[in-house]
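Okay, so here's the structure we're looking at.
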Amino acid sequence: MSIWIFLPALALVSGILASIYLLVEWYKHKERLRFPLLWAIALFLMYWFQLPVILNNSGKVVTATNFNLFFAITLPIVWIAIFLVYLGSLSVLGFNLKRSQKTIIAIWFLAALLFFGYNFIINEGVISSYAFPIVGNIVFYLPLHLLIIAAFFRRFFQPLHGKKLIFFFGSLAIVGASVLGIIRNFIILKSVLAYPPQFWYLVLTSQKVFFALQTSSIILLVLGFFLLHHWHYKSVNVQV
């Protein structure tokens with residue numbers, strides 16, 4: 001099996017298993033904890049996009065029109081998934097947003113929904129301009145990745161309970177996933193600026209590193225979720 005099929009398949013299977021595990025854990029402790037549910041939904045929104053990657057790398061022909069539709073759908077759905085990763089991270093880290101911060105984030109979230117929804121509905125899922133990916137990546141994706149990274153760096157400088165090594169590696173995995181996400185966004189921007197929209201399919205499918213980074217991010221998130229879930233239960237003495 002080619003590594004370009006094995007890695008997406010690994011991300012798909014590990015994502016499915018991790019989301020099921022997190023759902024079960026949330027159900028067992030749903031009155032006290034919400035981050036397992038947020039992370040389970042986030043993984044569900046992410047991992048099924050590995051299927052087109054597996055099909056493409058296995059030799060199945062995918063038309064440019066279909067990929068444009070896939071790419072257009074991916075942008076808003078994966079953004080929502082990463083937003084849930086952020087909310088789950090705040091929960092597991094024990095951070096509570098101020099009312100003003102909640103208002104700003106709520107407005108930003110609504111703006112993202114309106115932006116992605118408008119572009120998707122008006123253009124019927126076909127990316128035909130530079131505005132959609134450029135604004136989507138710079139205004140919505142990049143700040144979200146930076147917020148996740150900032151939350152964990154802030155927690156690093158506060159007192160920790162429980163197994164610090166598990167917390168460190170779990171946090172490092174999630175931060176690493178966000179760093180890979182930022183790199184992936186710049187790859188998209190580079191493609192957008194260098195080629196017209198009708199050639200994005202050919203450009204991105206020829207850059208296997210793009211899909212490798214996407215797959216690696218999911219695997220890192222699965223690892224990070226598992227480790228931080230374990231750390232949190234141990235640190236707050238929740239019986240599992």
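Tabulated values for the structure
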quantity: Among the listed pairs 102/190; 28/163; 98/234, those beyond 25 Å (Cα-Cα); calculated: 102/190; 98/234
quantity: For region 1-42 and region 216-236, distance of Cα centres in Å; calculated: 10
quantity: Burial order of peptide ranges 93-105, 33-45 (average beta-carbon count within 10 Å, highest first); calculated: 33-45, 93-105
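Each value in this text was obtained by applying a stated rule to the coordinates, not by laboratory testing. Since the structure is predicted, the reported quantities are computational estimates derived from the model, not experimental observations. Every residue, glycine as well, gets a Cβ built from its backbone with ideal geometry; the counts of neighbours run over all protein chains shown.
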